[in-house]
Amino acid sequence: MLTFFTTAKPFTGHSGVIQRNALKSWTQVHPEAEVILFGDDEGAAAVAKELRIRHEPHTEKNECGSNRADYMFARAQAIARHEVLCYANCDIIFLRDFCTALQRVLAAHKEFLMVGRRWDADIIRPCEFERPDWQKQVRDLALQGGSQRTPDWIDYFVFSRGLYADLPPLVVGRVFWDNWTVWRALNLKKPVVDVSRVVTAVHQNHDYRHHPQGKAGVWYGEEAAANYRLAGGWRRLRTIADSNEVLRADRLTPNPARYWAAAERYVTQAARAVLHNGAQPVWFLLLDITRPLRNALGLRTAALRRSRGKA
């Protein structure tokens, strides 16, 4: 049916709780679901044994020690039992609607990429998988108390084996690698299906203590910048909004809204280009030209700040 694969943080504290929740939920999606856990982080081997999932301790890493997507995608496609694979971040809980959506996509396409928006929820303790209504509990928590993220947050990729044969050495857990993954499928002229309307993928909220610089390091650090370069820049970055098909409750339809997403992207980049190449230089030139006059009139920034303070 389906092979999940992922990598995780150490299985300690809150991270350990939500990662166990995620992995266990994947084993519940379908009786034939396979789960592969990459990495030798603390507790990974024990959790893999506990949940009876496959453990691949070896990963290829960048110079900062982060796991590379190219190795995991290649290895997973080589060893998976099934022809359809799913890379998901190890904090995502899937419910039965995930399997239902996948079956509908499989009925329409042999090769594809399936993505969807996530729902954020505060989950701090182990899910009660022994309860017959555990899925309803999780869904209600997400839909009633959580929020659905925008299309630029991409946490899972379901794809046919062979679709990703030559990834650049991007690292997971940092920005931009996920956007490149969507671009790659579109560039290969494969269907990219947005299942956000029919799949409740639940993201368990967490902090960013795993990175020395916290959230800022994940989003704006050296590895994020390296991912951006390796991905090829903004022209090779896409989001869920760029999907060319949408799975609805009753049918699979083309996604005309993707043209708006493309237009918005180009307008944004044009505005940035104007700002950095036009407006900013002109502004700084005006500041230089008027500096003697402003100094003479006492309009320097420091003077203005002092006057405000006295006031």
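Only the coordinates and a few stated rules stand behind these numbers; no lab work does. This structure is a prediction, so every number in the text was calculated from the model and none was measured. Note: ideal-geometry Cβ built from the backbone for every residue, glycine included; neighbour counts use all protein chains shown.
Brief remarks follow.
- Rel. contact order, % - alpha carbon contacts under 8 angstrom, at least six apart, the range 1-107: 38
- The range 3-255: relative contact order in percent, alpha carbon pairs under 8 Å with at least 6 residues between: 23
- Label separation (GLU264 vs THR12): 4.1 nm, computed from points 7 Å beyond Cα along the C-beta direction.
- The spacing between the range 123-170 and the range 1-79, judged by their C-alpha centroids, is 14 Å.
- Once the Cβ-Cβ distance of PHE129 and ALA46 is raised to the sixth power relative to R0 = 25 Å, the FRET efficiency obtained is 0.90.
- In plain terms, the chain from THR100 to GLU63 could stretch by 9.3 nm, reckoned as 0.36 nm per residue minus the Cα-Cα distance.
- Note on ARG251/ASP120: beta-carbon distance plugged into 1/(1 + (r/R0)^6) with R0 of 25 Å gives a FRET efficiency of 0.35.
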